[in-house]
Structures are given as C-alpha cells and as structure tokens.
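Where a number appears in this text, it was derived from the coordinates with a stated rule and is not lab data. Computed from a predicted structure; not experimentally measured. Cβ atoms come from the backbone with ideal geometry, glycine included; neighbour counts cover every protein chain shown.
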Amino acid sequence: MKLKDLLAGIENLKMKGDLELDITSIQNNSKEVKLGSLFVAIKGYDFDGHQYVEEAIKNGAVAVMLDMSADLKSIHLPKDMTVILTDNTRTAIAQLACNFYKNPSRYFKLIGVTGTKGKTTTTFMLKSILEKAGYKVGLIGTIANYIGEDMISESNRTTPEALELQQLFYKMAVAKVDYVVMEVSSQSLKLHRVDGTNFDMAIFTNFSKDHISLKEHSDMEDYFNSKLKLFQMAPKGFANADDYKCEKLKYCAKNCDIKTYSIDNGSDLIAKDITITNSSVDFKVKLGQRNERVKVNIPGRFSVYNSLAAISVAISLGIDVEVIKEGLMSIVIPGRNELVPNDKELTIMIDYAHTAESLENILTSTKAYTTLGKVICVFGCGGDRDKTKRPEMGEVAGRLADFSFVTTDNPRTEKPEDIIHDIEEGIAKTKGKYKIVVDRKEAIKEAIEMATRNDIIILAGKGHETYQEINGVKNEFDERKIVKEILKDK
C-alpha cells in the first residue's frame, strides 16, 4: 500500500520524503522490520521505540514515524529517509493498522465487552448463543482468539495491540464471520489499541477496584473514563443496572442507546427466582411475553449477570428464546469455575479470580453449598501490579475460606515473599486459618492432602493460564496437569 494512503485520517502530521513509497508492513518492533516496512516508534512503560529507529532502518525500514515529543536530535537519520512526525504515535499506529488491513471491522458485526469482571464469560456466552443461531463467530479475548471452533492464536493480553488486532479482524473478515465478540480492556482503550475500530454494540458488566498501578491506571477515575470510551464508540449498549457506575455511564455516553439488566434494581431485563447449586445456576427472566427458566452450568450469582448481558444482546438481535437457552446451557469456559475431573472424588475448582471482589464471589458461592465440609483456598497475587489489592484479597480469604494456602501467582519481577507479606497483612486481621507455602505446586499438593470428599478446593488466580511468569520468563504451569500428577501419587 502507498504510504500516502496509509496516512489517511491521521491529523497533525509533519512529513519529509517520498509519500509514494510502497509499504509492505507496519512494525513497532525493530526486530520484526523487513525491507519495505514502515517503523513506528512508540514510547512504552519499559522501552522507548525511538531508541531503536536506527536498528529498524538497518533492518530495511523505508520510512519511520516518530513522536514530536521525542528527542529527535539524538536519532541519526539518513538524509534521504522518509520521516513522518505526529503528536501521538499510539493513536497513529491504530489508524495505520485500520488503513493497512482495509478497515476489516466494517465487514461484520462487532460486540465489545468491558468491565472489571465477567468479560471472558460473557464473550463465550455470546459466542455460544450466536453459533446456536447459525452464525459464524469470531472471538478475541483473554484465553485465546477463535474463528468458530478453531483457535487461530493464543492471547498475550486481553485486547491485542492495534497491529495484531486489525490483523485478526482481517483474518475474520476473510473467513466471512458474521459476528465478532471481543473483550475490550480499559488499558486497550486508554492506549488507543481499538481506535478506528467499528463497534456495533458495547456491554458494561461491572466496575470495581483493579488495575491501579504505575503501569495501568493512576486512579479509579482514569480507570472508569477509559472504559467509558467504548460506549462513546458504539451506537448501542447494554449495562448492569445493579452496578453503581451504571447511571454515570448512561449520563456520560449520551449518544449511545443503553439498555439495562439487573437482579436487584429496576431495569429492562430482570432475573428473578435464582437457584444456585455446586455446578449450575438457574433463574427466571421475562423473554417476550413469557417468563422463561434459564440454566447455566457455571455456578454463582455473577453467572446470572453475565447471562443477562448475553441475553440482552441476543434479544436485540431477534434470536429465538429456545436458541438463547440452549446456547447458555451448553457453555463451557476454560479456567472459569472449571472442575478438575478425578477418580478420588475430590472437588477441585480452577478459577481466574484475581481481585478481592472476584475472590469473594467464588468463595461465597462455593461456601453456600459446601455445608458438610470445608472451603480450602489456594491463592496469591500478581507481581508488578496493584499492591493495594493484596491485603484486600488476604482479608477476603481469611474471612470466607475455612483454610487458605497463601502462595505465588505470577510474581513477575517481584520477590514472591514480598507479595505474600502484603497478602498476610490482610489475612492476619481475620480469624481465618492459613499457611504460607511459597511454592504454588507444593501449596496445591498440601491442599489436596488436607481435603476430604466433602470439601472443595479453590485454586484461584491462574484460571486458563498454563504458565507462571517469573523474571520475564513464562515457565510451564498448568494446574490441571499438576493436580492430575499429584492425585496419581496420592
């Protein structure tokens, strides 16, 4: 594609050089640059792409895009190099990606889901319902990226960077998908990864404290305002009326037609007569002129909210009630309330709960039906992330679990012992029983050795992840395999 065509829609540019150049790829990683590439230098939290401009040129970049705020005098550029200056290379690369892949999100209906919790479950529910209705569906999210049943790539983050995202959209458009459902993280909205994307609908699941750190959001206002952007991009939306931010969302996103769903407050779609068991939840909801009983094989009150979000979208699309019910009934989501099958008759559940609220949800729902035994919780907290939630999670576990093993999650570049110390500050405030076991595999083993057939073990925090990140290295750590190995020797 001609460079001048790639730049369409990007404002406040200063340019020098040949705009008739043929650009074969756009890259923001100098190592991936090849002959014919346009290299876009982006300032990140850990690295500044402007330091790698010269390397990119050596690798074949025929043009470079730089941020006007960068120290351009320190960059040695060939006199004949085509250079584009912009006031924000992050917003620019999103538009470049849209242009390069011919704005692929226009070729299907796109549904974006944002919120602190429930994004993954809601997208899988929607995918299941839409597929039961006969549509071809793409999914982009935390676990992996799919076209139909085919996983086309694993996920490194909830919402991909702009270049990868538009490439995924392009693949889905070529595959002629009818709908794409995707998780839209607050970070992706803040960092302009989804700029230029054509959203048809948006869902707001809930809002609670998370992702407050130097590398994420400075405060809760920044966190909320980032999520709000999705509803300023979509003409139609659906929001949880039981969440305290719902009214503010509706007020701030005045150009988005927002319908609501709830359990407690008045809304457009209300769930009633809720029954929760150890393996499912069912409830009544008015669909059309009838009260229908809906069942989902994911226990917990939060599953009702996620189901209502998916149902709201399905109703707006005119999908048959029986198809909606069938789609929800057949849903299975890796790492969300996932029971590990075993021949020892032990109940072992893997869940992605990694905030105080999500941990409280899973512990409360399981405690409600573990009347004859104990709830044993194995959990930790991620390193290089919001430190304030560590004692909060500790306090929740101490208050609700019958016994907790405080261990590691993804320590990243922090010392596991330091993270555990922060957790212990919270759990020590309670009367809860706990033990510190730094090695997560050993913690799981001790939990299994402690458990009886009447107990339930919650392995919280890792969920679908099959690795443990330590000092920049992702080491294999699949809790399903680990549990099976431990039980084999028991």
Solvent-free Debye scattering, log10 I(q)/I(0), computed from the Cα coordinates of the range 3-99 at q = 0.13, 0.21 Å⁻¹ | -0.36, -1.05
Report, by chain and number, residues whose modeled amide H sits under 5 Å from the one on residue 436, excluding near sequence neighbours (fewer than 5 apart, same chain).
-> 406
What list of ³J(HN,Hα) couplings, whole Hz, do you get for the range 145-162 from phi and the Karplus terms 6.51, -1.76, 1.60, once you set θ to phi - 60° and write x for glycine and proline?
-> 10, 10, 10, x, 8, 8, 7, 8, 6, 7, 9, 9, 8, 4, 10, x, 4, 3
Which links in 16/229; 119/286; 119/259; 229/259; 387/481; 245/429 stretch past 22 Å when you go from one Cα to the other?
-> 16/229; 119/286; 387/481; 245/429
For helix 301-316, report the angle its Cα long axis makes with the longest principal axis of the Cα atoms of the chain; keep it between 0 and 90° and round to the nearest 10°.
-> 50 degrees
Contact order relative to length for the range 152-251, counting C-alpha pairs under 8 Å separated by 6 or more residues, stands in percent at 29 percent
Taking only C-alpha pairs under 8 Å that are 6+ residues apart, what is the relative contact order of the range 261-417 in percent?
-> 16 percent
At most 13 other Cβ within 10 Å, DSSP loop - trypsin sites (Lys or Arg not before Pro), the range 362-452 = 429, 431, 433
Within the chain, what's the longest stretch lacking GluC sites (Glu not before Pro) that sit in DSSP loops with no more than 12 other Cβ atoms inside 10 Å?
-> 150-344
Placing each pseudo-label 7 Å from Cα in the direction of the beta carbon, residue 254 and residue 18 end up separated by a distance in nanometres of 5.1 nm
Please list the non-local residues whose amide H lies under 5 Å from the amide H of residue 102, H modeled 1.01 Å from N, same-chain partners needing a gap of 5 or more.
-> none
Taking the inverse of the average 1/r across all pairs of different Cα atoms in the range 338-488, what Kirkwood radius in Å do you get?
-> 15.0 Å
Using only the Cα atoms, what convex hull volume per residue in Å³ does the range 226-289 have?
-> 126 Å³
Just for the chain, what percent of DSSP beta bridges are antiparallel, to the closest 5?
-> 35 percent
Normalised by the number of residues in the chain, what is the relative contact order in percent for Cα pairs under 8 Å and 6+ residues apart?
-> 10 percent
Nearest-ten-degree value, helix 479-488 long axis tilted from longest Cα axis of the chain = 40 degrees
Provide the per-residue ³J(HN,Hα) series for the range 395-405, in order, calculated from phi with Karplus coefficients 6.51, -1.76, 1.60 and θ = phi - 60°, each as a whole number of Hz, with x at glycine and proline positions.
-> 5, 4, 5, x, 7, 10, 7, 6, 7, 10, 9
Nearest-ten-degree value, helix 220-231 long axis tilted from longest Cα axis of the chain = 70 degrees
Hey, got a sec? Which trypsin sites (Lys or Arg not before Pro) in the range 226-302 land in a DSSP loop and have at most 12 other Cβ atoms within 10 Å?
-> 254
In order through the range 424-440: 3J(HN,Hα) via Karplus (6.51 cos²θ - 1.76 cosθ + 1.60), integer Hz, x for Gly, Pro = 5, 4, x, 5, 5, 6, 9, 9, x, 8, 7, 9, 8, 10, 4, 6, 5
The range 253-405: Rg to Rh, with Rh as the Kirkwood radius over Cα pairs = 1.02
Taking the Cα centre of the chain as the origin, how large is its charge dipole in debye, to the nearest 20, when only Lys and Arg (+1) and Asp and Glu (-1) carry charge on their Cβ atoms?
-> 900 debye
Residue (of 121, 315, 170) at the positive-pole extreme of the chain, dipole from beta-carbon charges = 315
Using amide H atoms built 1.01 Å from N in the peptide plane, name the residues 5+ places from residue 348, or on other chains, whose amide H lies under 5 Å from its own.
-> 340, 457
How much FRET efficiency would the formula 1/(1 + (r/R0)^6) give for residue 480 and residue 438, where r is the Cβ-Cβ distance and R0 is 22 Å, rounded to 0.05?
-> 0.50
Answer with one residue from 370, 400, 411: the one whose Cα lies farthest towards the positive end of the charge dipole of the range 357-490, charges on Cβ with Lys, Arg +1 and Asp, Glu -1.
-> 370
Only Lys, Arg (+1) and Asp, Glu (-1) charged, at Cβ; the range 338-488 dipole about Cα centre in debye = 320 debye
